[in-house]
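**Q** Quick one: the structure is below, questions incoming.
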Amino acid sequence: MDLSILSYQFMQNAILAGLLGGVACSLIGVFVVTMNLSFIGVAISHAAFAGALCGAWLGFNPLAGAFLFSLVAAAVIGPLADRGEFNPDTPIGIIFSVTMGMAFLFMGLLPGPKTQALELLWGSILTVNDRDLLLLAIVAAVVVSLVVLFFKEIQAVIFHREVALAVGIPASLIFYGLLFLTGSVITASLRSIGGLLIFNLILNPAAAAYQLTYNLPLMFVLSSFFGVLSTWVGLFLSCLFDLPSGATIVIVSAVIFVIAASFSPKRKVKKWREEVSAGPGKVLF
């Protein structure tokens, strides 16, 4: 690849978008992974996609529709998970199925060519503009600031929501706040990564970091590093081999997770615990 391409404004915008989106998505991913809400990215990303298509169909800003739909989805998931008699994955699955149907409905209602719908579906980091970068920068700054300012409270909620609530921490408020942040991050990253792929960028870097450490601050740092690395390497490969940028970024993030899982020290700890629990004279199969 000719390095002179780095002098072009669209490439500089893409690199900056990769940095901001990688950090924001990966930090949110730590919450998703540690709180066992892996499916949340799928549900809210499809809600954002449906909202963007609704906006395009009705003639207003697709990102405004994506933001509204993702926040509504987050607002519905939280109370259902708290008040229902079931695991949070159940209401998340309901939101996913409804928003998936709405997305295809709005796509079918769009007049003319479906170019805009396909762009929102797959994303294109090479086409982000200054307005997209500003939105990403604001969302990334908010996420980083909240993680730093409320780290102890967030850590307590991740460890055990009921215990955090018992010691006076507004656990439900923090939990709902994390859901709304997830919706905001997905909306901000929709144009660059795409509605069908964004949840992978949220999940994979955080899952890779989770394989390498039990230390929560280090997990945030590693997840952010893996997220930015995924976007930059994916961007480079997409330009080098003329591949779809969003899909390439997600594949790179998946490769990073496989490598992290392969060298995870937690595997050795788990194996040692299994050997200890088996006791002397016993054979593990």
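**Q** Checking residue 195 against (1) farther than 27 Å from residue 101 by Cβ; (2) outside any helix (DSSP H, G or I), which single condition isn't satisfied?
**A** Result: residue 195 passes all but (1).
**Q** On to the next question. With respect to residue 256, is the statement that it is assigned to a helix (DSSP H, G or I), among the β-branched types (Val, Ile, Thr), at negative phi and more than 15 Å from the chain's Cα centre (by Cα) true? Give the steps one after another, and end with the answer.
**A** Details: assigned to a helix (DSSP H, G or I): yes; among the β-branched types (Val, Ile, Thr): yes; at negative phi: yes; more than 15 Å from the chain's Cα centre (by Cα): yes.
So residue 256 passes the test.
**Q** Select from region 66-82 the residues that are at pLDDT 80 or above and surrounded by fewer than 24 Cβ atoms within 10 Å (Cβ to Cβ) and list them in ascending order.
**A** The answer is 67, 68, 71, 72, 75, 76.
**Q** Has region 126-137 got at least one residue that is surrounded by 13 or more Cβ atoms within 10 Å (Cβ to Cβ) and of a type in the set (Lys, Arg)?
**A** No: zero hits.
**Q** So which of 28, 15 ends up being in contact (Cβ under 8 Å) with a residue 40 or more places away in the chain, of a type in the set (Val, Ile, Thr) and surrounded by 24 or more Cβ atoms within 10 Å (Cβ to Cβ)?
**A** Numbers: 15 fails: surrounded by 24 or more Cβ atoms within 10 Å (Cβ to Cβ).
Going through 28, 15 in turn, the sole match is 28.
**Q** In this structure, is residue 180 more than 19 Å from residue 74 (Cβ to Cβ), surrounded by fewer than 24 Cβ atoms within 10 Å (Cβ to Cβ), modelled with pLDDT of 80 or more and of a type in the set (Phe, Trp, Tyr)? Lay out the reasoning, then the answer.
**A** On the way: more than 19 Å from residue 74 (Cβ to Cβ): no; surrounded by fewer than 24 Cβ atoms within 10 Å (Cβ to Cβ): yes; modelled with pLDDT of 80 or more: yes; of a type in the set (Phe, Trp, Tyr): yes.
In short, no.
**Q** Does region 209-221 hold any residues that are closer than 13 Å to residue 265 by Cβ and in a helix (DSSP H, G or I), and which are they? Full working, then the answer.
**A** First, pick out the residues of region 209-221 that are closer than 13 Å to residue 265 by Cβ: 209-215, 218.
Within region 209-221, 209, 210, 211, 212, 218 qualify.
**Q** Can you name the residue in region 191-232 that is over 26 Å from residue 135 (Cβ atoms) and of a type in the set (Phe, Trp, Tyr) and, of all such residues, is nearest to the chain's Cα centre (by Cα)?
**A** 210
**Q** Among 198, 174, which is the only one that is modelled with pLDDT of 80 or more, farther than 22 Å from residue 13 by Cα and crowded, with 20+ Cβ neighbours inside 10 Å? Step through it out loud before you land on a result.
**A** Numbers: 198 fails: farther than 22 Å from residue 13 by Cα.
Every option except 174 fails the conditions.
**Q** Here is a further query. Taking region 17-37 only, how many residues are of a type in the set (A, V, I, L, M) and either under 19 Å from residue 233 (Cα atoms) or modelled with pLDDT of 90 or more (or both)? Outline the logic, then answer.
**A** So in region 17-37, the residues of a type in the set (A, V, I, L, M) come out as 17, 19-20, 23-24, 27-28, 30, 32-33, 35, 37.
When the remaining residues are screened for being either under 19 Å from residue 233 (Cα atoms) or modelled with pLDDT of 90 or more (or both), the result is 17, 19-20, 23-24, 27-28, 30.
Residues meeting the conditions: 8.
Here's the yes/no breakdown for (1) acidic (Asp, Glu); (2) within 14 Å of residue 27 (Cα to Cα); (3) touching a helix residue (DSSP H, G or I) at 6+ places or on another chain (Cβ under 9 Å):
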site: 203; (1), (2), (3): no, yes, yes
site: 207; (1), (2), (3): no, yes, yes
site: 210; (1), (2), (3): no, yes, yes
site: 216; (1), (2), (3): no, yes, yes
site: 222; (1), (2), (3): no, yes, yes
site: 225; (1), (2), (3): no, yes, yes
site: 231; (1), (2), (3): no, no, yes
site: 235; (1), (2), (3): no, no, yes
site: 240; (1), (2), (3): no, no, no
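The values are calculated or read from the model by the stated rules, or taken from the named source; none is laboratory data. Since the structure is predicted, the reported quantities are computational estimates derived from the model, not experimental observations. Reconstructed Cβ throughout: ideal geometry from the backbone, glycine too, with neighbour counts over all protein chains shown.
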